[in-house]
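The values are calculated or read from the model by the stated rules, or taken from the named source; none is laboratory data. Quick caveat: nothing in here was measured; it's all calculated off a predicted structure. Cβ: placed from backbone, ideal geometry, glycine included. Neighbour counts: every protein chain shown.
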Amino acid sequence: MAGIYIHIPYCHQKCHYCNFYSSVSKKSKPAFVRSLLKEIELQKAYLHQEIISTIYFGGGTPTQLNTFEIEQIIQHLYQHYNISGKAEITLEANPDDLTQEKIIELSETDINRLSLGIQSFHNTDLEYLNRSHSANQAIEAIKTAQRHQFANLSIDLIYGIPTLSNQAWIDNIQTAIDLGIQHISAYCLTVEAGTALDVFIRKGKMPAIDEEKASQQFEILMDVLYKNNFIHYEISNFCKQGFISQHNSNYWKQQKYLGLGPSAHSYNLVSRQWNVSNITNYIQSVEEKNIVPFEIESLTLIQQYDEYILTGLRTIWGVDEIEILSKYGREMYDYFRKQIELFIQKAWIERQGTIYTLTKQGKYFADGIASELFITSD
Ligand code: SF4
């Protein structure tokens, strides 16, 4: 089983915190769609005819495409790949694009899961983030999608926003629960270098992030969602029983995936490659030369071990010492066993049989723990 990710590189406006590759100019859209259809054919051999269990439209903002364009891409994938009849097909969508008409059109395609970029149900936070929708539009989009047969909805929420009080954060989570959302991805706001947010904070034009408050809000998130029977299956991901994101789980379980479109990443267990992050160069290369412009990095056994630790540790499936021994050898196994002991003593990691997972306390330090278990130092 493998997955396909499609990067749609257009957005209505640029959010202040965003460092994903996207453009607000849509002039190139027709040429981009033509190139994407061509790339679908050019990359056919990458997954070696494996059955595709998930397709994920991300970006950027996939709902900047019209439904005809989305449908064309899906049909082209069916034509050239071995797509499972039960494939999870997710479309990321922004509330301001989701008119009733658009939702009805989308409900007539093979898309069976929507992931909505909500971020907050409070307008002050949306303004701080420079989102292009309002809180009312977010609620309306969710309700309309539910009325039109979308029974698998995920929303993104952000905590740690300086304008977000702990009480407002509780309200956001409770609103999602009351709306009957099946899946919540909740991320701590991070200030990426070079983003508008980074510049505004450094110039003192916007308040900086309070790490202590962000940590309190992570605790609130876990407490409220655990009480409401959400499964915390990855550090940032929570769902009701039966609604784990298959696509993202495949990443964390080290399954192969093919990324299509500018800046999309692909992974086949032994190497990783990424397409050029430039729409014009992408279109020119694919249209004129029939060449997908990408860079590739072969992964050493040590990098594969590090990747396994990084992704596995963040999930409820954890990391398995038997797998470490059999795949990466005695030396890495011994290193892992020595290092992990420290975190077991601190009660940040728990062991069940051969599996190691983060405790609730350990979830606050996931990245730090993983980096102590890595063999490469950078
Ligand atoms: S809509 Fe998403 S991809 Fe586009 S700028 Fe905002 S965060 Fe980035």
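Numerical summary
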{"read-out": "Where a residue in the range 348-360 is among the polar types (S, T, N, Q) and its partner, wherever it lies, is part of a loop (DSSP other than H, G, I, E, B), with Cβ under 7 Å and at least six apart", "value": "THR357/ILE316; THR357/GLY318; THR359/ALA347; THR359/TRP348"}
{"read-out": "Selection count where residues are touching a Phe, Trp or Tyr at 6+ places or on another chain (Cβ under 6 Å) and under 12 Å from GLN182 (Cβ atoms), scope the range 226-238", "value": "2"}
{"read-out": "SER277 vs. criteria in contact (Cβ under 8 Å) with a residue 12 or more places away in the chain and in a strand (DSSP E or B)", "value": "no"}
{"read-out": "Residue selected from the range 1-12 under the condition within 13 Å of the ligand (Cβ to nearest atom) and outside any loop (DSSP other than H, G, I, E, B), by the criterion farthest from the chain's Cα centre (by Cα)", "value": "TYR10"}
{"read-out": "Matching helices (runs of 4 or more DSSP H) fully within the range 120-203 where at least 2 residues are assigned by TED's automatic domain parsing to the domain that holds GLN217 and on the phi > 0 side of the Ramachandran plot", "value": "none"}
{"read-out": "Options PRO262, PRO293; residue that is under 29 Å from ILE111 (Cα atoms), in contact with a helix residue (DSSP H, G or I) (Cβ under 9 Å, 6 or more places away or on another chain) and surrounded by fewer than 20 Cβ atoms within 10 Å (Cβ to Cβ)", "value": "PRO293"}
{"read-out": "Subset of the range 71-90 (residues that are among the charged types (D, E, K, R) and either part of a helix (DSSP H, G or I) or surrounded by fewer than 18 Cβ atoms within 10 Å (Cβ to Cβ) (or both))", "value": "GLU71, LYS86"}
{"read-out": "Test: residue in the range 47-55 that is loosely packed, with under 15 Cβ neighbours inside 10 Å and at pLDDT below 95", "value": "yes"}
{"read-out": "Pick from the range 129-157, criterion within 13 Å of the ligand (Cβ to nearest atom) and in contact (Cβ under 8 Å) with a residue 60 or more places away in the chain, ranking: surrounded by the most Cβ atoms within 10 Å (Cβ to Cβ)", "value": "ARG131"}
{"read-out": "Residue match in the range 317-330 (condition: part of a strand (DSSP E or B), of a type outside the set (A, V, I, L, M) and free of Cβ contacts under 8 Å to residues at least 40 places away in the same chain)", "value": "yes"}
{"read-out": "Selection count, the range 180-217, where residues are more than 30 Å from PHE150 (Cα to Cα) and in contact with a strand residue (DSSP E or B) (Cβ under 7 Å, 6 or more places away or on another chain)", "value": "1"}
{"read-out": "Residue pairs meeting the criteria (Cβ under 6 Å; at least 6 apart or on separate chains; first part of a loop (DSSP other than H, G, I, E, B), in the range 91-106; second within 16 Å of the ligand (Cβ to nearest atom))", "value": "ASN94/THR61; ASN94/THR63; ASN94/GLY117; LEU98/ALA141"}
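Table: residues versus (1) loosely packed, with under 13 Cβ neighbours inside 10 Å; (2) hydroxyl-bearing (Ser, Thr, Tyr); (3) modelled with pLDDT of 95 or more; (4) under 24 Å from THR61 (Cβ atoms).
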residue: ALA208; (1), (2), (3), (4): yes, no, no, no
residue: ALA214; (1), (2), (3), (4): no, no, yes, no
residue: MET222; (1), (2), (3), (4): no, no, yes, no
residue: ASN228; (1), (2), (3), (4): no, no, yes, no
residue: GLN246; (1), (2), (3), (4): no, no, yes, yes
residue: SER249; (1), (2), (3), (4): no, yes, yes, yes
residue: LYS256; (1), (2), (3), (4): no, no, yes, no
residue: SER266; (1), (2), (3), (4): no, yes, yes, yes
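Conditions tested, residue by residue: (1) closer than 19 Å to VAL286 by Cα; (2) within 16 Å of the ligand (Cβ to nearest atom).
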residue	(1), (2)
LYS14	no, yes
SER22	yes, yes
ILE52	no, no
GLY58	no, yes
GLN64	no, yes
ILE73	yes, no
HIS76	yes, no
LEU91	no, yes
